[in-house]
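Data block below; observations after.
The values are calculated or read from the model by the stated rules, or taken from the named source; none is laboratory data. Given the structure is predicted, the values throughout are model-derived calculations rather than measurements. Because the Cβ atoms are built from the backbone with ideal geometry, glycine has one as well, and the counts that use them run over all protein chains shown. Areas reflect the complete protein model, heavy atoms only, side chains present, ligands, DNA and RNA absent. Shrake-Rupley method; radii C 1.70, N 1.55, O 1.52, S 1.80 Å.
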Amino acid sequence: MLKFEKYVVGSGETEGYKALKATIPEDDIYMHYRLDGNCLEHCEDIYYVIHEDGKALCRIWMCYPRHKNAVSNWGAVYTLEECRGQGLCSKNLKFCLEEVAKLENAPIGLFCTAGNQWKCDMYRRYGFELAIRGTTLGPLYYALGDSPKDFKTLYENYYTPAKSLRTVKATWEWRNEIDCLLNFAMRDNGLDYAINGTRDLYAFLLNGTDKDIRVILTDEDKCVGWMIDGEYTVYPLYKDMKID
């Protein structure tokens with residue numbers, strides 16, 4: 001019998017956890033890294049899984065930090081090849097989004113990327129909207145709570161004038177604000193969040209580095225940019241401000 005489970009990382013070895021652990025391919029290092037609780041100090045990680053007989057037939061993952069105005073990275077949607085065409089993905093999407101709506105201290109929105117038109121169209125049927133104006137696939141955004149439905153309005157509400165800027169060491173707490181929110185907002189304005197061609201804060205956090213990786217925060221603790229060995233990218237509103 002199919003079982004639908006919301007598995008919160010760190011809540012023990014439930015049936016869903018065991019099914020995920022047994023079914024996620026060994027070479028999917030990032031999903032195992034999150035499932036094993038390596039980001040628990042900074043984030044909530046949740047898997048929405050349909051499982052049966054110890055196998056995760058379909059899974060969806062999301063993570064979000066615990067601070068105010070948090071951004072959620074959502075996705076890693078996967079159905080076992082032998083189970084495709086049975087409507088499991090649609091059922092799990094419905095289950096997931098119903099559960100997400102019940103979250104306390106929910107993030108301001110879900111952010112993901114769809115690399116093909118079929119997946120993009122499916123997400124849009126469930127309420128996701130394209131984040132980058134003029135595109136037909138790629139980054140998507142799903143509003144939560146009283147957040148604006150329009151991504152441009154969301155990031156304009158987030159990036160507001162600041163009195164000061166400071167840096168702190170980059171951790172998983174701020175990864176989504178960089179690789180999702182800042183990335184998508186910069187792209188929507190025809191810009192790039194990369195620092196000298198380098199992208200993906202998550203890769204530094206996952207693999208480790210000798211570089212000094214930092215994030216840039218406002219006096220209201222909004223994450224508006226990032227820095228590698230003193231070189232940095234910030235959202236344009238803050239480009240002329242001094243960074244302490």
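Data overview
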read-out	value
Residue list for region 213-229, restricted to those being under 24 Å from Tyr141 (Cα atoms) and either open to solvent by 10 Å² or more (accessible area, probe 1.4 Å) or at pLDDT below 95 (or both)	Glu220, Asp221, Lys222
Unmet criterion (only one of (1) more than 30 Å from Ala19 (Cβ to Cβ); (2) open to solvent by 50 Å² or more (accessible area, probe 1.4 Å); (3) of a type in the set (A, V, I, L, M)) for Ala101	(1)
Inter-residue pairs, beta-carbon under 7 Å, first at pLDDT below 95 and in region 230-244, second surrounded by 10 or more Cβ atoms within 10 Å (Cβ to Cβ), 6+ apart	Asp244/Ser164; Asp244/Leu165; Asp244/Arg166
Matching residues in region 105-141 - criterion: being of a type in the set (Ser, Thr, Tyr) and touching a Phe, Trp or Tyr at 6+ places or on another chain (Cβ under 7 Å)	Tyr141
Strands (runs of 3 or more DSSP E) within region 41-142 that include 3 or more residues touching a helix residue (DSSP H, G or I) at 6+ places or on another chain (Cβ under 6 Å) and either without any contact (Cβ under 8 Å) to a residue 40 or more places away in the chain or among the basic types (Lys, Arg) (or both)	55-65
Count - residues of region 114-132 that are closer than 26 Å to Ile216 by Cα and surrounded by fewer than 13 Cβ atoms within 10 Å (Cβ to Cβ)	0
Yes/no for Asp210 being farther than 19 Å from Ser72 by Cα and open to solvent by 40 Å² or more (accessible area, probe 1.4 Å)	yes
Sole residue being surrounded by fewer than 18 Cβ atoms within 10 Å (Cβ to Cβ) and either modelled with pLDDT of 95 or more or closer than 11 Å to Lys3 by Cα (or both), chosen from Ile29, Ile24	Ile29
Residue satisfying all of: in region 169-191; open to solvent by 50 Å² or more (accessible area, probe 1.4 Å) and touching a residue at least 40 places away in the same chain (Cβ under 8 Å); farthest from Gly109 (Cα to Cα) among these	Lys169
